[in-house]
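Here's the structure we're looking at; comments come further down.
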Amino acid sequence: MKALVQRRYGTAVLGDLDVPVPGEGEVLLEVRSAGVDMGTWHLLSGKPYLVRVLGFGFRGPKSPVPGRDVAGVVKETGPGVTEFAPGDEVFGTCEGSFAEYAVAAVSRLACKPRNVSFAEAAAVPISGGTAVQGLRGVRPGQRVLVLGAGGGVGSYGVQIAKALGAHVTGVCSTAKVDLVRALGADEVVDYTVEDFTGTYDLVLDCGGNRKLSRTRRALTPRGTLVLVGAENGGALTGGFERALGAAVLNVFVAHRLVPLMSAERADVFDELRVLIEAGKVRPPLDREFPLSEGLAAIDYVHSRRSRGKVVVTI
């Protein structure tokens, strides 16, 4: 099979690999599309170096193929699999989705939404799942602020918060204002022109470049701040110390500060499928790249120019 092959951190080339074999509780997928997010860049580059310590390979990547978001067709089932059969269209996450075939655990797959393409479905799992989990507990009528509303997680955060009945304010750059407004935000703030004001029951911080003290001032007395990630840290920790600081501060303040560690699970993806099929969420697809341009797709996302999501089509 053709695949984007990564033998060392920092680069990958289009090459040939054996088709993988599904094991217990796994299926073999014919990959139709693979999503790209900032996590893809981190695992390709090996930066921040903390990702190597966390088990993704210290001297070189454990997985020879990048990519985790996936949408495709089940070709073969492994022992013990009863959830899916050959021919089923699915989406979710796996190891090595930048390839013609990939093996995925059924615990990380759900049926593909019927009303979207494979490319759109591949743009959903990690970013959409993170937004779903970050917005747990939001009630109708509450005020939600989404920082980084034009990016991968933020673009889903706006839509899911609206689906939950919240009043949503999205913060983004000038180039993404129209997108965030089209996604349903009640108010859109262009941070290059002005800063956000007001108080909010929940802040979904997908930007990661504001001090905790500034963001906490935007919370109601018992408000919640959810930290999705930070992309402005150094090469060693990549901003993880911000999440650590929030966890420590959480003990001493009335606010609820949540450094989010999202889970990749079938039930979360099925929850997203329901929202998509109901027309409450749509995958905000920016660009599609062919597999041969997989590195360009990763670089494009890393440049933070993307308006919504980017996928690689196989």
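Within segment 163-187, residues that are in a helix (DSSP H, G or I) sit with their Cβ atoms under 7 Å from residues that are among the β-branched types (V, I, T) and surrounded by fewer than 18 Cβ atoms within 10 Å (Cβ to Cβ), at 6+ positions apart or across chains, in these pairs: T174/T192.
List the strands (runs of 3 or more DSSP E) that sit entirely inside segment 226-314 and contain at least 1 residues that are modelled with pLDDT of 95 or more. By residue number, 285-290, 309-313. The residue that is nearest to E26 (Cα to Cα), counting only those in segment 92-110 that are within 18 Å of the chain's Cα centre (by Cα) and part of a strand (DSSP E or B), is A104. Checking every residue in segment 159-172 against the condition of being out of contact with any strand residue (DSSP E or B) (no Cβ under 6 Å at 6 or more places or on another chain) and more than 30 Å from T313 (Cβ to Cβ) gives at least one match. Residues considered: V146, V158. Of these, the only one that is of a type outside the set (D, E, K, R), buried (at least 24 other Cβ atoms within 10 Å of the Cβ) and without any contact (Cβ under 8 Å) to a residue 40 or more places away in the chain is V158. Here R222, R143 are screened, and the one residue that is more than 20 Å from the chain's Cα centre (by Cα) and at pLDDT 95 or above is R143. Remark: pairs (first residue in segment 62-76, without any contact (Cβ under 8 Å) to a residue 24 or more places away in the chain; second residue in a strand (DSSP E or B); Cβ separation under 9 Å; 6+ apart in sequence or on different chains) are absent.
Candidates R32, R52: the one that is at pLDDT below 95 and either closer than 15 Å to G294 by Cα or in a helix (DSSP H, G or I) (or both) is R52. For E26, the conditions (1) under 24 Å from S292 (Cα atoms); (2) modelled with pLDDT of 95 or more are fulfilled apart from (1). Pairs linking a residue in segment 10-28 that is part of a strand (DSSP E or B) to a residue that is among the charged types (D, E, K, R), with Cβ atoms under 8 Å and 6 or more positions apart or on different chains, are L14/K2; G15/K2; D16/K2; V27/K75; V27/E76; L28/K75; L28/E76.
Collect the residues in segment 113-151 that are of a type in the set (V, I, T), part of a loop (DSSP other than H, G, I, E, B) and farther than 18 Å from A263 by Cα, keeping them in residue-number order.
V116, V138
The values are calculated or read from the model by the stated rules, or taken from the named source; none is laboratory data. What you see is a predicted model; the values in this text were computed from it and never measured. Note that each Cβ is placed from the backbone with ideal geometry, even for glycine, and that neighbours are counted across all protein chains shown.
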